[in-house]
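First comes the structure, then the notes that go with it.
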Amino acid sequence: MRIDSGRDAVPEEPCQCPDCQRFYREHDRLIRENPTLRQQQELSWAALQSFRTLAGRALEELQRRHGDEPATGAASAAPQAGSAAPAGAPAGATAGAEGETPEAEAVQQAMADLENINAHLFSIEALMERIFDVRVPDEVEQVFKELAGELAPDPLNADRLRLNRLLHQTPDLPPDRR
């Protein structure tokens, strides 16, 4: 297998930015504290379930507060007596119901994003269930423990550096989405 030197080349030195340093520390901690296959399986499952629970509850709360549809705020505004609809507007439309505020649009977009995240998390869960089908003998678990001791302190671990590159390839959110 040939490695594309431009895309897959491992840098000589690990990144020193605060985000990567925090990632390295967390990466090493998770390996040191969970050095067996079984522990890594359980850790991954717990992380996925906690993410799903929190994201799902946040979506439910946002839907409760802001409604399920983007136009809920504008559409639910009942026309008041004496307010006239603009010429050519559908019956029942008022001058103030033409669109949402930027804040309301941002919340609606976040809700749509959370729905997508939850769908992806369900897919990941289905894939991760296959991980639990794997059982290994104690001898193999010992290999995991030995490797964990070697990997955790290594700042030049190739897997960690690949993840580091992924962190830096993710573009920052545009200012209007933060």
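Since Glu105 meets every condition but one in (1) surrounded by 17 or more Cβ atoms within 10 Å (Cβ to Cβ); (2) within 21 Å of the chain's Cα centre (by Cα); (3) modelled with pLDDT of 90 or more, which condition does it not meet?
Condition not satisfied by Glu105: (1).
Give the residues of segment 36-53 that are aliphatic (A, V, I, L, M) and closer than 21 Å to Val140 by Cα, sorted by residue number. It would help to see each step written out before you state the result.
First, the residues of segment 36-53 that are aliphatic (A, V, I, L, M): 37, 43, 46-48.
Residues satisfying the conditions are Leu37, Leu43.
Restricting the search to segment 30-55, which residues are among the β-branched types (Val, Ile, Thr) and surrounded by fewer than 16 Cβ atoms within 10 Å (Cβ to Cβ)? Spell out how you get there, then give the answer.
Narrowing segment 30-55 to residues among the β-branched types (Val, Ile, Thr): 31, 36, 53.
Thr53, the sole residue that qualifies.
For segment 112-132, how many residues meet the condition of being free of Cβ contacts under 8 Å to residues at least 24 places away in the same chain and farther than 13 Å from Trp45 by Cβ?
To start, the set of residues in segment 112-132 that are free of Cβ contacts under 8 Å to residues at least 24 places away in the same chain comprises 112-113, 116, 119-120, 123, 126-127, 129-130.
Then keep just the ones that are farther than 13 Å from Trp45 by Cβ; that gives 112-113, 116, 119-120, 123.
Of the residues in that region, 6 qualify.
Condition test on Pro171, is it part of a loop (DSSP other than H, G, I, E, B), at pLDDT 50 or above, more than 21 Å from Ala55 (Cβ to Cβ) and over 16 Å from the mean Cα position of the chain (by Cα)? Step through it out loud before you land on a result.
On the way: part of a loop (DSSP other than H, G, I, E, B): yes; at pLDDT 50 or above: yes; more than 21 Å from Ala55 (Cβ to Cβ): yes; over 16 Å from the mean Cα position of the chain (by Cα): no.
Criteria not met by Pro171.
The values are calculated or read from the model by the stated rules, or taken from the named source; none is laboratory data. Not measured: the values here are computed from a predicted model. Here Cβ is always computed from backbone atoms with ideal geometry, including for glycine, and neighbour counts include all displayed protein chains.
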